[in-house]
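A short write-up of the structure that comes next.
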């Protein structure tokens, strides 16, 4: 049996669709002495994480905690808790992650009504409201606030306003690429369930899914009849995260929670508006510079996300080869299209500590250098 | 909005039922440069983790990978994949974690047949085989190899031998407190699904659940009709962990995987038999010393686990107070009883880097010091 050799991974500037590089403070926190999951001193830290996460989501009521799993599980936990078999769920689909909501909702027994838009577009809110008019019994309306596969931002504030307080439907929003990078206001936008990840605009390593649940959603969950998977049982998780003495549910991923604590502190210290603006400046600079090089962006410019930019691979260029050369020659990760039906694109993320003009310039310089020495394929010559 | 203060947790010697202290090499690995989840260099690391984990489980065939979640989710993933609604599952229950298997199996639609034993005992294999004779259609037989709530080790090798190759039932084993601490041989013992955690005998931080799945179990999973939760879809996870190019499923908790890589390397370098023996020596020394102080152990001595020792709190002593004083005065965590029905016990774990005579002596010295100055409650005076 080989014992392998000790890990020795190369340095990377992580400018794909996530993970982004971990903030030094979050990384350092993982070297702090580890407490047990039932240690009262840890429980104080948990309470602080909840308070900080409330600030990041702008969610005062309901339940806020980081799920002990990745963003995809945050999506699944929401669907598993909010839907019961046979319920109607209306899902906006304009990319990979909208389609993933559909798939997971079906696994949990939902009757899904898909409302689709082309890649690079968003699903207009009036089409979602029409679907809701046709299915007034719908339990859930799900949208992707920041569609990581295309770089589209959904007009979520407007959707919340148009839904209003009267409608009974629960609003779920995928905030994986938006939390702490793009304006987001859980309470004011009438969101009932939001989920995110730690490794994008928050600047912590991947492994947790910060979620927020409205009081209305909690009431619905409390009255459900069908069981939910134990791992995603939000009411049981609430007893660990907020009841004191805490009720054991699972052994919390303690060092990940340390990292999240520090990452969230950095968000609050920087200030949410300032952090959103930093992401905005870096992303717009990248996008303007790419356009100035005659590169075409995938997303509708009116709905272009700041933290994530999808770029069409120019005709005749081997996009995968360019990604590999960025990695091997410049130590920079950029992403490609996601899933088998994606068009040839690159996806460039400027998130967390990487949301700066300096990092944007490094990516552009490397891309310039690679493209200048790439052969144009015969078919396009 | 408060920003809290930077984390500053106290030092702890973690000798409860887990987590144990993280091995220095595993901790250091988390500071290595983070790669993206689709980086080819990361995928080499994933392949090494799988190979090392196969060695730790002694599992050559089937599917082996660490689930991106904690041990409880490893339990749930097994039940969710192996059971379809209406299936019969026979579950051995002699403590908290056997009872948890029952609860989670029911959430996933199983008709559960419980075979119970008293706390501190194990469920004899012949009673499990009798239950199987009464329910020849049972799809699953589940046991807890190392019952962390009581310190009981199930005779799992014997169960596998008695089941033999002819019976169709799948054997699931909770190896949360046994993997890398107690003899375990996945292939030879006819186990079909094993799950563990990273934070006990392996010496990594909590956050992943190393699982092993037999070829027979995989065949059963491939032919199932009911969907499984996406997060726990073992066939989809297989495509990320073993197919190349890897198929995206979720953003892997990369730093946790780094830590597991190094922790598993340490297991293989030390040697499994040597590591088992180290846990055995430390545990037996602790148990002998506690008995010499007239403290009574909960578990049947014939089935006493080495890594985890449950001790009856002596009459008239406030067990919770003793735990708190161990923590506050000596920086040592020991556990209490788990769940509302547990008797007054302490649970002492000597796992991973803590499975040494030196650590056992530190725990005993601290316990001696605390007990010497504890008032005996009036009721027992």
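Which semi-axes, in whole Å and largest first, does the equivalent ellipsoid of the protein assembly as shown have when worked out from the alpha carbon gyration tensor as the square roots of 5 times its eigenvalues? Before the final figure, lay out each step's value.
Details: eigenvalues 387, 152, 144 Å².
Over the Cα atoms of the protein assembly as shown, the semi-axes work out to 44, 28, 27 Å.
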Open item on the list: Only Cα pairs within less than 10 Å get springs; with that Gaussian network setup on chain B, which residue of B:56, B:25, B:259 has the largest fluctuation?
Closed with: B:25
Open item on the list: 7 Å along Cα→Cβ for the label point: how many nanometres lie between residue B:28 and each equivalent label in the other copies, listed shortest first?
Closed with: 2.0
- [ ] Could you work out, residue by residue across B:17-25, how many beta carbons of other chains sit within 10 Å of that residue's beta carbon, and then give the average as an integer?
- [x] 3
Task: Cα centroid separation, segment A:83-137 to segment B:80-154 (Å) - done: 39
Open item on the list: Suppose a student asked you for the relative contact order of chain B, using Cα pairs under 8 Å spaced at least 6 residues apart; what percent would you report?
Closed with: 24
- [ ] Report the calculated FRET efficiency for residue A:293 and residue A:219 (r = Cβ-Cβ distance, R0 = 41 Å), to the nearest 0.05.
- [x] 0.20
TODO: Taking a label point 7 Å out from Cα toward Cβ, give me the nm distances from residue B:8 to the same spot in the other copies, shortest first, one decimal.
DONE: 3.9
Open item on the list: Report the Cα centroid-to-centroid distance between segment A:320-381 and segment A:1-79 in angstrom, as an integer.
Closed with: 27
Open item on the list: Using Cα springs under 10 Å in a Gaussian network model of chain A, which residue among A:134, A:107, A:239 shows the largest mean-square fluctuation?
Closed with: A:134
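Scaled to the compact-protein estimate 2.2 N^0.38 Å, what is the alpha-carbon radius of gyration of segment B:39-167, rounded to two decimal places?
Working: Rg = 16.2 Å, N = 129, 2.2 N^0.38 = 13.9 Å.
Cα Rg divided by the expected 2.2 N^0.38 Å: 1.16.
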TODO: Write down the percent of antiparallel bridges among all DSSP beta bridges whose residues are both part of segment B:24-269, to the nearest 5.
DONE: 35
TODO: Take every residue in peptide A:52-59, count the Cβ atoms of other chains within 10 Å of its Cβ, and give the average of those counts.
DONE: 1
- [ ] May I ask you to derive the relative contact order of segment B:274-361, considering only C-alpha pairs under 8 Å and at least 6 residues apart, and to give it as an integer percent?
- [x] 36
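Can you pull the mean other chain C-beta count within 10 Å for peptide B:4-16?
On the way: counts 13, 2, 7, 14, 4, 12, 5, 4, 7, 0, 5, 1, 4.
Other-chain Cβ atoms within 10 Å of each residue's Cβ, averaged: 6.
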TODO: Can you figure out the FRET efficiency of residue B:341 with residue B:242, using R₀ = 51 Å and their beta-carbon distance, to the nearest 0.05?
DONE: 0.75
Open item on the list: I want to verify a result. In a Gaussian network model of chain B, Cα cutoff 10 Å, which of these has the top mean-square fluctuation: B:80, B:26, B:292?
Closed with: B:292
Open item on the list: Per residue, how big is the convex hull of chain B when only Cα atoms are used? Give it in Å³.
Closed with: 162
- [ ] Identify the residues of segment A:338-377 with backbone N under 18 Å of a label point that sits 7 angstrom from the Cα of residue A:103 along the Cα-to-Cβ direction, or state none.
- [x] A:338-343
Task: 7 Å along Cα→Cβ, label-point gaps from residue A:376 to other copies, nm, shortest first - done: 9.4
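Throughout, read-outs are computed from the coordinates displayed, never taken from laboratory work. Keep in mind that this is a model prediction, so the values were computed, not measured. Every residue, glycine among them, receives a Cβ derived from its backbone with ideal geometry; neighbour counts consider all protein chains shown.
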